[in-house]
Each structure stands twice: as C-alpha cells, then as structure tokens.
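K.L.:
I'd like to ask you about the structure that follows.
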Amino acid sequence: MTSIFTNIKLLVNTRQEFKLLQGNELKNLPCIEDAYLIIEGEEIAEYGSMSALTSANRQLPTEINVCGKYILPCWCDSHTHLVYAGSRENEFVDKIQGLSYAAIAAKGGGILNSAKKFRETTEEELFGTAWERLQELTRLGTGAVEIKSGYGLTTETELKMLRVIKKLRERSNTLIRSTFLGAHTYPLEYKDDHQGYIDKIIHEMLPVIASEKLADYVDVFCDKGFFSAAETETICKAAMVYGLKPKLHVNQLNSIGGIETGIKLNALSLDHLETLTENDIQLLSRSSADGTWKGTCTLLPTAAFFLRMPLQPARQLIDAGCAVALASDYNPGSSPSGNMNLVVAMSCIQMKMLPEEAINAATINGAFAMELEKNVGTITAGKKANLILTKVVPSLAYLPYSFGSNLIEKVMIRGEWVQ
Ligand code: NIG
Ligand code: FE
C-alpha cells in the first residue's frame, strides 16, 4: 500500500546520510518546511518540498493532508527495563519519608524486591503486562526500544525474562533489542559469595543465552554496593566472547571506575552518568574526540528526577564533544514512566539541551545506541515508516515547552497506524 502525506508543516530530521552526532553536531536538525512524504509498505519511499511534488505523485492512491502538523521520526528508547512484575510505590513513599535508593536496596528492597515478585509471576502474566506497557509507549511515539533482563537473578528466571523479551520482539511491530543484565545486583543467596554469582553468570547463564540467541547486548550495574569495575570487566569480557557488546549502567550513584572500564571495552553506550567527576568528563571527551571510544553517553533524566538526584550534566558532555542519547530507563524502581516526550521536555527544561539537540539525542543517537541506525531514527528513504504526527503546533520548540500536554495526534509504526 502506498500513501502520501501532503502539506506537512515541518518534516523533521530528514537525512540522506547519518552518523552518530557528537558535540556541536547535535544542534543541527535538518528539516523541510511545507513537505510531502511517501510511504510504501512499511518503509519511507520518498520525501521533499511540496513545490517539488510531481503530478504522478499527486495521483497516489491514499493522500493524507496534514496541513499545519509536524512529522518526526519515532523516539528510539535505548534503555528500558519494561518487563517487570508488580510495582514499588511502597518504596516510593519510603523515599518521600527520607530513605535513599541505596538504603532501600541495602535492606533487601529495590531490585531484590522486584526479583522476588518476578520469580512468583508466570511467563504469561509477565508477557501480558509488558505488552500493555509496550502498547502505551507506541501511542506515546516510541518506535524502537531496548529491553533488559535483570529481575530474574537465577539462571531459570533470567532465561524466563529474556524469553518474554523475545516473544515481545516476535509479536510487536516495534523494533526491539534485548540486553542481558544478570549482573543487576547480587541475589541474597550470593550476598557473601560474589565470585559464585559471577561464575554462574559466566558458566551457566551466558552459554544458554548465546545458544538460544536470547540477547544482543550485555549490561552490568557498575556501582558501589552492586558490581565493581573489575567485576564489570570480567563479566563483559566473558559476554563479548559470545558477541554481546556492553551497554553499561555506570556512575548512577557513585564514580567507581565504570567510565574507564566502559571506554576500555568500547561499550556501545555508557548509561546514567548522574555522578561524573571532572576526570570522568575529560576521559569521555578525549576518547570521543580521538575515536578510541565510539559509543554514546545515554542520559536518563526521568530516573534522576524520580530519585531526586542531580540531573546528568548534558551541557558539559555536549560542550566536551560527546555523543549524547536520551532514554527513559522505564523500570519500577527509578523511572516508572517510559514517556519519551517527557524525557525530551525534561532534557530541555532541566539539562538545558536545545530542542534540536534533544530531538536528535532521542531519535538518531538513540538508534545508534541500539545499532538500529540503518532502520530508524531519521526520515530517510528505505528506513522504517516509524512516524509521529503531531497536532497543530506553532513551532518545534513548543513540543518540549508545553510539557505534560499530549501533542501527538497519531503514531505510525512500520507503515501501520497505532490504534
Ligand atoms: O537503571 N540502577 C539500576 N537499575 C535501574 C533501577 C532498577 C530498579 O530499581 O528496579 C536503573 O535505575
Ligand atoms: Fe536502567
């Protein structure tokens, strides 16, 4: 089926060629005013200025006149934990009353609380709730998403979690990447036997995950009270033997050497980064500039907001020449929201990213952080027709400015309207 959108007020992020955007490059958001866009099947076929529209194209079977509205590529959310059981609003109230995220984790709450609920929930139920969350995200404009394991923490339950992600991938139009995060925390039974759990990850979990092709990437929560930089390196190196590239949780709560490790392993992305020292920023800057590290700094502002932590230093990272991506971190403990519109707004409001920078970071750089840049993240012929059609808005900056309002009229994923 071929359709043509006409009279698009602004067609956003149109690129024939695309690369990971670093530093100053993030400011440049190529757009076409008063544009048309042709979709063939599930792909973008052609686009351009209305004045260049040929009479042959005028005759295409379905014309959708979107006068006054904007079209953007769908959000690419490169960091979520959206398969989980239950919720944790009791801890949310504990936090209001003064407990910190680390204190809740230390007393057996947090990730362990979710792991307990996870183990008691069937695969069917987990699939059902995750499916609902995914549907909600597509209505909010997310067209590609990475999902992590990490609430199982036993071989059997980590595999169960990865199988749920696999099923979501098979049944959904959304493009999905899967990440193995067995090293999310030490399960209680291994509290005093870290090496025992690491051995289990390396010798029991990874071989099955690799043979069943259950994950694209490996992740480790590298932080004080969780996994050290040396432990992170050991786990990642073992996973890399199976072709799983690292995408890491680093410097969320403390700076303990995760940046050095991530750069050394050429991690696809280093995520969180709430707690960066000057030295960390210099390392990220230098290695991005000289090409020794080719990954993205993935910032998760809703997680910092929810835990009342300082927001990530986006301005400093961009001004230091780094590639920045934005993601939701959707999970029950630190970001019970997967709304990328809010992530983009918060990045502009609180982290002083320009709207153009935030949109690039949440689309093409997010796609790079999942190695989906050839499929999504820009308006480019041959890429998937994953599109956000806005309501009538006065400008692009109005989207993050008007935070909290739903300015999306409709979303298209792979050429099909989301109901
Ligand atoms: O990205 N910090 C580690 N993992 C998640 C939180 C997981 C949880 O609290 O359930 C995060 O913030
Ligand atoms: Fe996370």
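K.L.:
How far apart, in nm, are two points set 7 Å out from the Cα along the Cα-to-Cβ line at T54 and at K237?
P.N.:
Once both label points are built, they end up 5.8 nm from each other.
K.L.:
Enter the Cα centre distance for the pair the stretch 6-48 and the stretch 353-382, rounded to the nearest angstrom.
P.N.:
Distance between centres, Cα-based: 10 Å.
K.L.:
Hey, another quick one. With a sphere of radius 13 Å drawn around the Cβ of P313, what net charge do the other residues whose Cβ falls strictly inside it have (Lys, Arg +1; Asp, Glu -1)?
P.N.:
Result for the local shell: -2.
K.L.:
Another question about this same structure. Over the chain, what is the relative contact order in whole percent, taking alpha-carbon pairs under 8 Å and six or more residues apart?
P.N.:
21 percent
K.L.:
Counting pairs of alpha carbon atoms under 8 Å apart in space and at least six apart in sequence, what relative contact order in percent does the stretch 193-332 give?
P.N.:
Details: 233 pairs, mean separation 24.5, N = 140.
Result for the stretch 193-332 is 18 percent.
K.L.:
Still on this structure, I have one more. Once phi is turned into θ = phi - 60°, what whole-Hz ³J(HN,Hα) does the Karplus curve with 6.51, -1.76 and 1.60 give for every residue of the stretch 277-289, x standing for Gly and Pro?
P.N.:
Using θ = phi - 60°, the values come out as 8, 4, 4, 4, 5, 5, 4, 5, 5, 4, 6, 6, 5 Hz.
K.L.:
In sequence order, what are the phi-derived ³J(HN,Hα) couplings for the stretch 181-198 according to the Karplus relation 6.51 cos²θ - 1.76 cosθ + 1.60 with θ = phi - 60°, rounded to whole Hz, with x for glycine and proline?
P.N.:
Calculated HN-Hα couplings, in order: 10, x, 8, 8, 7, 7, x, 3, 4, 10, 3, 10, 9, 4, 4, x, 6, 4 Hz.
K.L.:
If R0 is 30 Å, what FRET efficiency do you get for Q282 and E17 from their C-beta distance, rounded to 0.05?
P.N.:
0.50
K.L.:
Another question, if that's okay. How much net charge surrounds Q97 when only the other residues with a Cβ under 15 Å from the Cβ of Q97 are counted, with Lys and Arg +1 and Asp and Glu -1?
P.N.:
+1
K.L.:
Relative contact order of the stretch 241-298, please, whole-number percent, based on alpha carbon pairs below 8 angstrom and at least 6 residues apart.
P.N.:
Taking the mean separation of contacting Cα pairs over the length of the stretch 241-298, I get 38 percent.
K.L.:
Counting every Cα pair in the stretch 75-368, what percent are over 31 Å apart?
P.N.:
Looking at the stretch 75-368, the distances longer than 31 Å represent 20 percent of pairs.
K.L.:
Counting other beta carbons within 10 Å of each Cβ, put E25, E91 in order, fewest first.
P.N.:
Placing the least packed residue first, the sequence is E25, E91.
K.L.:
Quick one: which of K107/K213; K160/K213; K166/K264; K166/K191; K384/K410; K200/K224 span more than 24 angstrom between C-alpha atoms?
P.N.:
K107/K213; K166/K264; K166/K191
K.L.:
Same structure again: Name the most mobile residue of N279, N339, N360, meaning the one with the largest mean-square fluctuation, in a Gaussian network model of the chain with Cα contacts below 10 Å.
P.N.:
The residue with the greatest mean-square fluctuation here is N279.
Coordinate-derived values only; no laboratory data. A quick note: this is a predicted structure, and the numbers were derived from the prediction, not measured. Note: ideal-geometry Cβ built from the backbone for every residue, glycine included; neighbour counts use all protein chains shown.
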